[in-house]
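Note sheet for the following structure.
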There are 2 protein chains.
Amino acid sequence: MTALLHYEDFRVGQVHPLGTHTLTADEIIDYAREFDPQPQHLDEEAAKHSLLGGLAASGWFLGALAMRMIVDNLFIRAASMGSPGIDELQWRRPVYAGDTIALEGEVIAARASSRRDRGFVKFRFTFYRTTGGARERAMTYVSSVMFRRRDAEP
Amino acid sequence: MTALLHYEDFRVGQVHPLGTHTLTADEIIDYAREFDPQPQHLDEEAAKHSLLGGLAASGWFLGALAMRMIVDNLFIRAASMGSPGIDELQWRRPVYAGDTIALEGEVIAARASSRRDRGFVKFRFTFYRTTGGARERAMTYVSSVMFRRRDAEP
């Protein structure tokens, strides 16, 4: 009965759209109070005088938002088994209160595991920020995700 | 009057102790509800039947905790200017409710920027989990942090 995505369903070159999110000042500040209490993430006035020039999301908040969007838009319909880590995470552009960001996950590699029940799918995840009609990369990272193999299902 | 740490104060081989934290089930679940709603992070009973075998922190929650401990124990007394990204993040061992983790930051490289006022210090941050008297690496990652140069102060 299951229509969950398995390892075999992912192919190099696929780009999975993973939703959009508009950041509010409140959520940027709430996250920063708990996890990253630096002036550029905590306070609009202090942020104006920081290197970023305005209230901007903590980089780790962007990572957390990406995780949430991956769960809601991909893992919810996939037989995922977690991830061993992250590579090449780059914070390329600040994301400010009021900005809308869109997440995409491109499949850049796939390989079976030595364990017969699973395979690794390597994604490049990118948060795009739209500015003046053009898309800019705000954050990118590479991460491998383990998925069950369909041909190993009981 | 400032005794803030600057670029020149960091040298390859230094290991900065950055505090300890004991995780509660409540904070693991609170984070997961907001950012990583998967069964192994959300619910003790469901987690027992997951690959991790018990309620374990979201990997992104560990990253957020590391950020907080870096702010509280290092940036608070340093002239930091942010970070462009992360490399080689590995989730090596699950961290369960009740576990105590200790964060360390080892300086593995340092180089002046082409901009005269700053330099890059590359750290390997490691969360150690103590199990049966032995330390195990639970999470490691590499990240460069920009600090102001003391000799560029006005």
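The values are calculated or read from the model by the stated rules, or taken from the named source; none is laboratory data. A quick note: this is a predicted structure, and the numbers were derived from the prediction, not measured. Here Cβ is always computed from backbone atoms with ideal geometry, including for glycine, and neighbour counts include all displayed protein chains. Quick note on the areas: whole protein, heavy atoms, side chains included, nothing else; ligands and nucleic acids left out. Shrake-Rupley method; radii C 1.70, N 1.55, O 1.52, S 1.80 Å.
Solvent-accessible surface, computed for protein heavy atoms with a probe of 1.4 Å, shrinks by 50 Å² or more for the following residues of region A:46-70 when the other protein chains are added to the isolated chain: A:LEU51, A:TRP60, A:MET67, A:ARG68.
Once you have the Cα-Cα distance between A:THR130 and A:SER113, take 0.36 nm times their residue separation minus that, and quote the gain in nm to one decimal.
Numbers: separation 17, 0.36 × 17 = 6.12 nm, distance 3.76 nm.
The span from A:THR130 to A:SER113 would gain 2.4 nm if fully extended.
Between B:ALA3 and A:ARG33, the FRET efficiency estimated from the beta carbon spacing at R0 = 25 angstrom works out to 0.45.
Once the Cα atoms are used to define both axes, helix B:59-73 deviates from the longest principal axis of chain B by about 40 degrees. Between the listed residues B:MET81, B:PRO94, B:THR130, the Cα displaced farthest toward the positive end of the dipole of region B:75-148, a dipole computed from Cβ unit charges relative to the Cα centre, is found at B:MET81. With the dipole of the protein assembly as shown worked out from charges on the C-beta (+1 for Lys and Arg, -1 for Asp and Glu) around the Cα centre, which of B:PHE147, B:THR20, A:THR22 lies farthest toward the positive end? The residue sitting most towards the positive pole is B:PHE147.
The candidates B:ILE29, A:ILE108, A:ILE76, arranged from most to least accessible area with a 1.4 Å probe in the full protein assembly, appear as A:ILE76, A:ILE108, B:ILE29.
Averaged over peptide A:120-127, the number of partner chain Cβ atoms lying within 10 Å of each residue's Cβ comes to 0.
Of all the stretches in chain A, which is the longest one without any exposed loop site, taking trypsin sites (Lys or Arg not before Pro) in a DSSP loop (any state but H, G, I, E, B) with at most 11 other Cβ atoms within 10 Å?
Details: sites that count: A:ARG11, A:ARG115, A:ARG116.
Excluding the exposed sites themselves, the longest stretch runs over A:12-114.
For B:ALA25, the label point sits 7 Å beyond Cα toward Cβ; its separations from the matching points on the remaining copies run 4.0 nm, from shortest to longest.
Annotation for B:ASP117, label-to-label distances across the other copies: 5.6 nm (shortest first, one decimal, point 7 Å from Cα along Cα→Cβ). When the alpha-carbon atoms of region B:77-154 are used, the pair Rg, Dmax equals 15.8, 52 angstrom.
For every other residue with a beta carbon closer than 15 angstrom to the beta carbon of A:PRO84, add +1 if it is Lys or Arg and -1 if Asp or Glu, then tell me the sum. Write out the running numbers ahead of the final one.
On the way: positive: A:ARG111, A:ARG115, A:ARG118, A:LYS122, B:ARG92, B:ARG93, B:ARG137; negative: A:ASP87, A:GLU88, B:ASP87, B:GLU88.
Summing Lys/Arg as +1 and Asp/Glu as -1 gives +3.
Computed 3J(HN,Hα) for region A:131-148, one whole-Hz value per residue from the Karplus formula 6.51 cos²θ - 1.76 cosθ + 1.60 where θ = phi - 60°, is 9, x, x, 9, 8, 10, 6, 9, 8, 9, 7, 10, 8, 8, 10, 8, 10, 5, glycine and proline marked x. Remark on the protein assembly as shown: Rg and Dmax equal 19.9, 69 Å (Cα only). Pairing the Cα long axis of helix A:25-35 with the longest principal axis of chain A, what angle in degrees results, from 0 to 90 and rounded to the nearest 10? Approximately 70 degrees, to the nearest ten. Among the chymotrypsin sites (Phe, Trp or Tyr not before Pro) found in region A:1-44, not one is both in a DSSP coil and sparsely packed, with 12 or fewer other Cβ atoms within 10 Å of its Cβ. What share of all Cα pairs of chain B, in percent, falls into each consecutive 5 Å distance bin? It works out to 2, 9, 17, 19, 16, 13, 9, 7, 5, 2, 1, 0, in whole percents. Suppose R0 equals 30 Å. What FRET efficiency, 1/(1 + (r/R0)^6) with r the Cβ-Cβ distance, do A:HIS49 and B:ASP26 give to the nearest 0.05? Efficiency, from the Cβ-Cβ distance: 0.25. Put a dot 7 Å past the Cα of A:ARG11, heading toward its Cβ, do the same for A:ASP72, and the two dots end up 3.0 nm apart.
Projecting 7 Å from Cα along the Cα-to-Cβ direction, the label point of B:PRO84 sits 2.8 nm from its equivalents in the other copies, listed shortest first. Reported to the nearest whole Å, the Cα centre-to-centre distance from region B:14-68 to region B:121-142 is 15.
State, as an integer percentage, the relative contact order of region A:49-154 based on alpha-carbon contacts under 8 Å between residues 6 or more apart.
On the way: 177 pairs, mean separation 32.4, N = 106.
Contact order relative to length: 31 percent.
Within the protein assembly as shown, what whole-number % of the accessible surface is contributed by carbon and sulfur, with the 1.4 Å probe and all protein chains included in the calculation?
On the way: 7220 of 14870 Å².
Heavy-atom surface of the protein assembly as shown belonging to carbon and sulfur, 1.4 Å probe: 49 percent.
Taking a sphere under 14 Å around the Cβ of B:MET67 and counting the other residues whose Cβ falls inside, with K and R at +1 and D and E at -1, yields a net charge of -1. Between chain A and chain B, roughly 2700 Å² of accessible surface gets buried, counting both sides and using a 1.4 Å probe.
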